[in-house]
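Scroll down for the structure; my scribbles are underneath it.
The values are calculated or read from the model by the stated rules, or taken from the named source; none is laboratory data. It should be emphasised that the depicted structure is a prediction, and the values quoted were computed from it without experimental measurement. In this analysis, Cβ positions are derived from the backbone assuming ideal geometry, glycine residues included, and neighbour counts consider all displayed protein chains. Remember, those area values only see protein heavy atoms, side chains included, never the ligands or the DNA or RNA. Shrake-Rupley method; radii C 1.70, N 1.55, O 1.52, S 1.80 Å.
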Amino acid sequence: MAPKKTLNAKNLETLGAPRLAELLIEISTGSAASKRRLRLELAGSQGSAEVAREIRKRLVSIARARSIIKWRKVRTLKKDLETQRMAIVDTLAPEDPAEAFELIWQFLALGDSIFARSDDSSGTLMEIFHQACIDAGAIAKLAGIDGDALADKIFVAVQGNDHGQYDRLITAMVPALGEDGLEQLRTLFVASSEEPQENSVEQDRHVIGRSSKGPVHEDEIYRTDGNLTARIALEQIADALGDVDAYIAQQPKTTRKVPLIAADIANRLLAAGRAEEALMALDEADTQARRDVPFEWHLARVETLEALERGKEAQAYRWMCFEQTLNDQHLRDFLRRLPDFDDMEAEEKAFTYAQAFPDANLALAFFLHWPSLDQAARLVTARQTELNGDLYELMTTAAEALQVKHPLAATILLRSMIDFTLDRARSSRYRHAARHVGECLALAPHIDDFGNGKPHDAYLSRLRYRHGRKHGFWKYID
């Protein structure tokens, strides 16, 4: 049984309503957020109309504010917005969904005002508005909002999506819109995209930058943004309607040659049972001139080959992709389709191939992801001169993974970072390099044979001989 002094609901009930009321008044004194929360609770006891009145009053107050929202106040504003959003969703919507819909829409409209006077680089505030979009969809469905009227509201909102607060609105509204509402929304955006763009008078055009082709005018940027907004909206509507051809129609022919876009198109065609067309879309992508064809394109290709019942070709392609990239997912997919015991032999073959891969650092990353720490340690000791100490995230992660069972390999990795830092005089990393020296010292007693390397004391002496004048480093050691 919890002590009677433990703060929980049951113990607080023993204080009685009068004493709890006094405490709430005392605690909320000087806290505007606490007072607003208490007013909402009091309003809830009087019915949904009072709750709606309190929420609307607060939303209007937030909309009228003009002061800059500094980062220190972002958390406070987030808490305030969350309080209002939850009151709409949890308290008002079950009782009066139509009123709740109007208020959640008013809530979403706060985005322009808030983002114009704040720096939301962390995305803290944007998350609330994206969640509010999802809430709006659920409330609209609950309230039975007319599909055409809802389409009109969504169209206007998305047209003004300057900050991205409405990015998830169309997808969230699909159940409430229904097929007819989606078709109405598509009609509105198609009409918008086909409207002729007015050309500004030359002397009134504002130059905002320059490119290799000459000046960049403000009206050109906004015209492009408007077309992009309509295209993204039409893509989302096409997906919601399961209309693959409409989605493809929104992609300019040049864009369809981009491997990632081609993969998106192919995946949609596959889902629609159109595997032959999916393969054609992938084949039209420009992969010859690109060194970094994305994993998504390769994955779409093997899935398409499987759908076409070309399993042997798909397996050969998976292995080829692995040989080119050492992507562990290609190898996993390849092994998964092999009979028992064959997969073990193929895994050994893959490990042998990775050990001799031209890029030792990529091979190290592969063994860590697999994971096979024994293979990683073997690679490090065999190809230590090829390790890139500038890849500190990879080297640090590998050293931490290997330090218990493979202290020599971990030491080699740490020394690669130390040597790179000092050889290149990267003074901003001196503190980290000194920490790595300390880690090497801790590992040294666990290493019986340093092989071609030097024992720790000899290594440190060599550092002093080569970099003795780098006082910014040695101050962390001595």
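Numbers at a glance
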{"item": "Area of Glu439 that stays accessible when all protein chains are in place (1.4 Å probe, Å², to 10)", "result": "70 Å²"}
{"item": "The chain: relative contact order as a whole-number percent, Cα under 8 Å and 6+ apart", "result": "6 percent"}
{"item": "Share of carbon and sulfur in the accessible heavy-atom surface of the chain [1.4 Å probe, %]", "result": "51 percent"}
{"item": "Residue-normalised accessible area of the chain, given per residue in Å² at a 1.4 Å probe", "result": "58 Å²"}
{"item": "Rounded FRET efficiency, nearest 0.05, which uses the C-beta distance separating Gln131 from Val190 and R0 of 35 Å", "result": "0.75"}
{"item": "Taking segment 371-478 and dividing mean pair separation by its residue count, relative contact order in percent (alpha carbons under 8 Å, at least six apart)", "result": "23 percent"}
{"item": "Solvent-accessible surface (1.4 angstrom probe) belonging to Leu387, in square angstrom, nearest 10", "result": "20 Å²"}
{"item": "Using alpha-carbon coordinates, inclination of helix 17-28 to the longest axis of the chain, degrees", "result": "70 degrees"}
{"item": "Folded to 0 to 90 degrees: helix 311-325 orientation relative to the chain principal axis, Cα", "result": "70 degrees"}
{"item": "Cα convex hull of segment 355-478 - mean projected area over all directions, nm²", "result": "7.1 nm²"}
{"item": "Residue-level accessible surface for Tyr353, protein heavy atoms, 1.4 Å, Å²", "result": "80 Å²"}
{"item": "Of Lys349/Lys454; Lys73/Lys153; Lys454/Lys475; Lys57/Lys79; Lys70/Lys141; Lys405/Lys454, pairs whose Cα-Cα distance is over 26 Å", "result": "Lys349/Lys454; Lys73/Lys153; Lys70/Lys141"}
{"item": "Inter-label distance, nm, simple model (7 Å from Cα along the C-beta direction), Ser461/Asp478", "result": "1.8 nm"}
{"item": "Asp162 paired with Trp71, simple spin-label distance in nm, labels 7 Å along Cα-to-beta-carbon", "result": "2.4 nm"}
{"item": "Efficiency of FRET from Cβ geometry, Asp343 and Leu241, R₀ 45 Å, rounded to 0.05", "result": "0.60"}
{"item": "Normalised per residue, the volume of the convex hull around the Cα set of segment 117-188 (Å³)", "result": "82 Å³"}
{"item": "Two-site FRET efficiency, Ala442 against Arg469, from Cβ-Cβ distance with R₀ of 41 Å, rounded to 0.05", "result": "0.95"}
{"item": "Convex hull of Cα atoms in segment 252-304, direction-averaged projection (nm²)", "result": "3.2 nm²"}
{"item": "Interchain or long-range residues, amide H under 5 Å from Ser118's placed H", "result": "Ile69"}
{"item": "Debye intensity ratio in log₁₀ form over the Cα atoms of the chain, taken at each q of 0.09 Å⁻¹", "result": "-1.02"}
{"item": "Qualifying trypsin sites (Lys or Arg not before Pro) in segment 244-294, DSSP loop, other Cβ atoms within 10 Å at most 12", "result": "Lys253, Arg290, Arg291"}
{"item": "Probe 1.4 Å, all protein chains present, accessible-area order of Arg332, Arg337, largest first", "result": "Arg337, Arg332"}
{"item": "Extension gain (nm, one decimal) between Ala149 and Lys10, 0.36 nm per residue minus Cα-Cα", "result": "45.2 nm"}
{"item": "Mean projected area (nm²) of the alpha-carbon convex hull when segment 341-428 is viewed from all directions", "result": "5.8 nm²"}
{"item": "Angle in degrees between helix 32-44 and the longest Cα principal axis of the chain, rounded to the nearest 10", "result": "50 degrees"}
{"item": "Phi-based couplings in Hz for segment 333-349 (Karplus 6.51, -1.76, 1.60; Gly and Pro marked x)", "result": "5, 5, 5, 4, 9, 8, x, 4, 6, 4, 5, 5, 5, 5, 5, 4, 4"}
{"item": "Contact order normalised by residue count of segment 86-198, Cα under 8 Å, 6+ apart, percent", "result": "28 percent"}
